[in-house]
Every structure is written in structure tokens, then in C-alpha cells.
Amino acid sequence: MKDQLDPSLSMEQSDGFIRFFCPGLPFDLYIIQRLGVDVHEIDSKRRIIISEQQLGLQLPKIKNRIKALSGKAVKIYARETVLARIDKKQALAFQEEHHLQIVLPGKYRYGLFYQGELVSVAVFSGGRKMRDYAEEYRSFELLRFCHKSDHIVIGGLSKLIKAFKKDFNPDDIMTYVDMDWAQDSSLKAIGFEERGMRKGETFWVSEGIQYIIGKEEELLEIADNHPNGYLYRNLGSIKLVMSL
């Protein structure tokens, strides 16, 4: 991975994590080795944070995403793609192959196709009433968005949201951005605004299910009962809302 990203990359071992310095890239990479490690206060540029177990189980997807963030992705322009609604089976299979988080079926699913191949997917929730708004007000959540691994569709999310807006006329669209991969969000450039934070949690992820971990004893028990999994502790999420 070092040769593919940055030949000048160097490593530093600390208490509970490994830090990879990437001088030629806009981020540094942290590999978390045990429960409870916190890298919030470390003086660093953008951080990408991955657990040791996750790295072992999802290495190809992690490598492809890091390559994309390093500017080494295959670039496709949204205007070159064909937009279509896709079914639950297509959306789940695409996420399983290309997305790092738990796959979600959502209620409404859209895809972008390039030369007949599915290259981007957006998954939305159903409409939700909002307590502090009028009865007819509806908010929808962008649950998942991802490109094909090692690819990026420039303008892809804007095109997918535009189609969703035309079909369902939402009053707003909200989403959460995982702070393990970004401490700020590029979604602000297309009209999303920050509306708060969601604190981080620790999970054991196995066979598509997340088990919340509170103490190390719980981790040992759950990992023993579900051995084909990995530890995932996020820094939290940024809540973003696009008002329409």
C-alpha cells in the first residue's frame, strides 16, 4: 500500500495505535490496535482511522478508498453516466462489494451507470415527519452513498440528489458523515449545512450486524461468540442537512 500511495510514508508506533505519516497526501493514517484508544487530541492534519481487525478483513476496500482520497482514482464525469432507479438486491450487492460500513437497503435507491456498469449508488430513507415543522413537512435521510471501488464520479452525488428531489419533492435531506474518514465534509460544497455532531461509539461488526461495546469484557464475550468480525470505533459523525 505504501508504494501505491506515497513512497515517503513513514510509521510511528504509539500506545495502542500505529500512525503512518503521509507527507505528500492530505491525511495521515491511524491503525487502532485496542479498545479505548483516542486520537482526538493528536495534533494532525486530516485523519483516517481504521481498526486493526477491520484492516485485516476489509483490506482491498480500504486500499481502494485511500487511493481515491489520494487522487489516484479512475475519474468519471456525471454527465457521462445514465441515471436509473435500482432495486434492493442491486443496492445491497453494490454496497457489500464497495462500501466499508454496514449495508442498508433503504426505501429508495438510485444508481449511475457508465457504459452499462453500475458505478455509483445512493440509498435514501422514506419521508419522516418533523416535530417542530408543519404537518406536511417531510425530511429524508441519505443513508448510503458510494462509488465503485477505486473510482470517483465527479458530480455524481449532485446528479443523484437532483433525481431524488424531482421524484419526491423533499423539504430537506439529511445525512451523517463518518469522522473516521473526514473531520470536515465536502458535501457542504453542494448545499449541505452542518447541524451538529453525533458522538462516537464502539462496535464489534460481524456478518452485517453491529454489536455496541461498552466495556472490554463485553468485547471479549461478543468477539468469542461472533469470531468472524472486527472492532470498529468511530470518532462520531457530523450531521448535515440540505434544506430545499
* To do: Kindly establish whether Ala78 is open to solvent by less than 20 Å² (accessible area, probe 1.4 Å) and over 18 Å from the mean Cα position of the chain (by Cα).
  => yes
* **Tally of residues being touching a residue at least 40 places away in the same chain (Cβ under 8 Å) and closer than 30 Å to Lys63 by Cβ across region 112-155** => 16
* Does region 184-194 contain at least one residue that is open to solvent by less than 50 Å² (accessible area, probe 1.4 Å) and in contact with a Gly (Cβ under 9 Å, 6 or more places away or on another chain)? -> no
* Asked: Going through region 96-141 one residue at a time, which ones are farther than 15 Å from Thr175 by Cβ, charged (D, E, K, R) and under 16 Å from the mean Cα position of the chain (by Cα)?
  -> Glu96, Glu97
* Asked: strands (runs of 3 or more DSSP E) wholly in region 164-217 with at least 2 residues that are within 18 Å of the chain's Cα centre (by Cα) and either closer than 30 Å to Leu25 by Cβ or at pLDDT 95 or above (or both) - which ones?
  -> 172-178, 193-199, 202-206
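Rundown of residues vs (1) at pLDDT 80 or above; (2) within 30 Å of Ile154 (Cα to Cα); (3) not in a strand (DSSP E or B), yes/no style:
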| residue | (1), (2), (3) |
| --- | --- |
| Pro7 | no, yes, yes |
| Ile18 | yes, no, no |
| Gly24 | no, yes, yes |
| Leu35 | no, no, yes |
| Asp43 | no, no, yes |
| Gln53 | no, no, yes |
| Lys67 | yes, yes, yes |
| Arg79 | yes, yes, yes |
* Search region 85-126 for residues being among the aliphatic types (A, V, I, L, M) and within 13 Å of Leu157 (Cα to Cα), and hand back the single one that is surrounded by the fewest Cβ atoms within 10 Å (Cβ to Cβ). => Val119
* Would you mind telling me which numbered condition in (1) more than 25 Å from Ser186 (Cα to Cα); (2) surrounded by 12 or more Cβ atoms within 10 Å (Cβ to Cβ); (3) in contact (Cβ under 8 Å) with a residue 24 or more places away in the chain His226 fails? => (3)
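The values are calculated or read from the model by the stated rules, or taken from the named source; none is laboratory data. The structure presented is a predicted model; accordingly, all values stated were derived computationally and were not measured. Because the Cβ atoms are built from the backbone with ideal geometry, glycine has one as well, and the counts that use them run over all protein chains shown. For the accessible areas, the whole protein counts, side chains as well, though only heavy atoms, and no ligand, DNA or RNA atoms are used. Shrake-Rupley method; radii C 1.70, N 1.55, O 1.52, S 1.80 Å.
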